[in-house]
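Here's the structure, in structure tokens; my notes come after.
Just so you know, all these numbers are worked out from the coordinates, no wet-lab data involved. Bear in mind the structure is a predicted one, so any value in this text is a computation, not a measurement. Here the Cβ positions follow ideal geometry from the backbone for every residue, glycine too, while neighbour counts run over all protein chains shown.
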Amino acid sequence: MSAPEAVEKRQGALAMLADFVRAYPVRTALALTALVVAGLLDGLGLSLLLSMLNLATGVEDEPSLPEQLALDVVAALGLEPTLTTLLGLGVGMIAVKAGIVLLANRQVGYTVAHVATDLRLNLVRAVMESRWRYYLSQPVGKLSNAMATEAHRASEGFYHGAVMATQTISAVIYASLALLISWQASLIALLFGGFLLGLLHFLIRMAGGAGRRQTGLLKSLLSVMTDQLGAVKPLKAMGRENHVDDMLSNQTRQLKKALKNQVFAKAALIALQEPMLAILVGVGFFFFLVQMHMPMATVMIMIFLIARSVNHLAKGQRAWQHMALSESAYWSLSATIAEARAQTEPPRGFRTPTLEHHIRFRDVTFHYESRAVLHALNLTLKAGQLSVVAGPSGSGKTTLIDLVAGLLHPDQGRIEIDGIDLAEIDHRRWRRLIGYVPQDPLLINDSVLRNLTLGDPDLGPADAEQALRMADAWEFVRTLPEGLETALGERGGRLSGGQRQRLAIARALIHRPRLLILDEATSNLDSEAEAAVVATISQLKGKLTMLAVSHDEALVEAADAVIRLRDGRIEHGS
Ligand code: ADP
């Protein structure tokens, strides 16, 4: 079984909690220790108050075990067990307990933020380090859903797990006090309380089911949504937006049903827990007073302790239900991370790349699935030249670029860089020598400078200016109201197509690449802008090696060498 399948197979709120404990052992141990200490202080404080009550009411009975313990603590502190001392100490301990719980909860809150951040970073890193072919096969919506909703729901699962632990510890402390007073009576009452709550377990399963349906629906809803939003214009232009509506509204309705089940399961649990507790108190009174002939004062204390213990268990049960709701998001996200990790691109090659002479394809064949896309291709791209690969759509131009960048690897034959097989060259270092200009450069809503450096702290305004000068863009950037600091607006809306493309070229040049790849870089431009960008590219000739993919004749004319592809073969006579 592969790692992602193994993750997918694991389920259960408690297994999720176990994963969190393993991932954050120190934080968990600290929070649990604080909670146990707080619980013990609470128990001791309560015992002190019980002793005080006995002292105040003048009951002469043997003190119960908890009271005896409390009195021993008072004696150990060298104090007289007077009313005021007992009251003061009891109240003090309960106050200290509240403070410790506050600290522990703060710690839990920070950890929740940690869990969400770590899950998100793990996903981003795993996806970024995965093979290119794996990345291509991933629906963007699935990844953004995992990043946003699944990570959030999973961290909520952790929070509710922590609440469950807190409530269980309190329940155990109260139950222990009751057991110390009368173990037979307490055991029977606790088992009865546990049984009553156990009857409600079906509501936890129901919540788990509602959570799983939501996880599945959100994943597909966001995948469809993201794809469709990317293609809104043609859909609207062809009057087909109602299909999207149908598809989305059907899933949205199913989501509503799952949410209704969730709300019902939560409300029913709260509503049914209350009468269960009332039944427990009623039956408990009857049992202790009538059946066990216990004195009224002891019965009151026992009922108080057992009711509190079961009340904490009931709150713990509600937290468990919340965990059941979120666990499927955690497993889904973990499976996505495991799947991406299983597809991690292995480090390739060790030799230092250079690009002084040429890039050479030797009998390079490449298949997608079983279909050959490039057939025993032989070609040479000379360093310092502008080589243009032209050809109809589907002829293999993009595949050729991906092979040069080492994103894909030849099935047969080899690609040599200055005579060295690319397979032997350190791929990361090779890619760092490449500048890449896509067809539709994505400009971010930020300053010109940040659009060029993309936040790289090693790059400054001087690098930006040099790159802009090389890309023929310095003149227009200089005349912008705030120069490099001018904000570009959404998708670079304030610039013309040609200006945007020249900024994209400057962005690729800022890292001083040895090889500039232009992937249909002039295809979306009008003829005037195209001519300007082609002029920019032409004056870069000789300064670095350029590989352009284009069916744009102007670029073909400017080329030092033209390779015409058709169906994955070089057309001769070109
Ligand atoms: P071009 O860039 O010239 O349009 P491509 O290199 O993108 O051509 O594609 C070449 C061939 O490979 C096409 O027939 C295309 O259908 C196929 N192809 C491209 N990408 C994939 C993929 N991820 N999976 C399967 N086939 C693909």
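For the pairs K233/K541; K219/K315; K397/K541, flag any whose C-alpha to C-alpha distance is greater than 28 Å.
On the way: K233/K541 38 Å; K219/K315 31 Å; K397/K541 21 Å.
Too far apart for the 28 Å limit: K233/K541; K219/K315.
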Original post:
So which aspartates and glutamates pass the test for K236, namely a Cα distance under 15 Å, with those fewer than 8 places away in the same chain ruled out?
Top reply: D227, D245, D246
**OP:** Give me the distance between the Cα centres of the range 344-375 and the range 264-343, rounded to whole Å.
**Re:** 61 Å
Original post:
Which whole-angstrom value gives the distance between the alpha carbon centres of the range 168-241 and the range 108-126?
Top reply: 21 Å
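What does the charge count around H322 come to, taking other residues whose C-beta lies under 9 Å from its C-beta (Lys +1, Arg +1, Asp -1, Glu -1)?
Numbers: positive: K266, R318; negative: E156.
Summing Lys/Arg as +1 and Asp/Glu as -1 gives +1.
Would you calculate a helix-derived [θ] at 222 nm for the chain, using -39,500 (n - 2.57) for each DSSP H run of n ≥ 4 and dividing by the full residue count, to the nearest 500? The partial results should precede the final answer.
Working: 21 runs with 361 residues, N = 574.
My calculation for the chain gives -21000 deg cm²/dmol from helical runs alone.
For every other residue with a beta carbon closer than 14 angstrom to the beta carbon of I425, add +1 if it is Lys or Arg and -1 if Asp or Glu, then tell me the sum.
Computed value for this residue: +3.
Which of the trypsin sites (Lys or Arg not before Pro) across the range 418-515 are loop residues per DSSP, with 16 or fewer other Cβ within 10 Å? Before the final figure, lay out each step's value.
Working: sites: R428, R429, R431, R432, R450, R469, R478, R491, R494, R500, R502, R507, R514; in loops: R432, R494, R514.
In loop regions of the range 418-515 (DSSP not H, G, I, E or B), the sparsely surrounded trypsin sites (Lys or Arg not before Pro) are R432, R494.
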Subject >> Average Cα contact separation per residue, the chain, under 8 Å, 6 or more apart, as relative contact order % >> reply: 16 percent
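One quarter of the convex hull surface, Cα atoms only: what value does that give for the chain in nm²? Mind dumping the intermediate values first?
Numbers: hull surface 147.1 nm².
With every direction weighted equally, the projected area is 36.8 nm².
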Original post:
For the range 130-254, what relative contact order do you get, as a whole percent, if you take Cα pairs closer than 8 Å and at least 6 residues apart?
Top reply: 43 percent
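Quick one: net charge of A104's neighbours, Cβ under 11 Å, K/R +1, D/E -1? Let's see the in-between values first.
On the way: positive: R27, K97, R106; negative: none.
Summing Lys/Arg as +1 and Asp/Glu as -1 gives +3.
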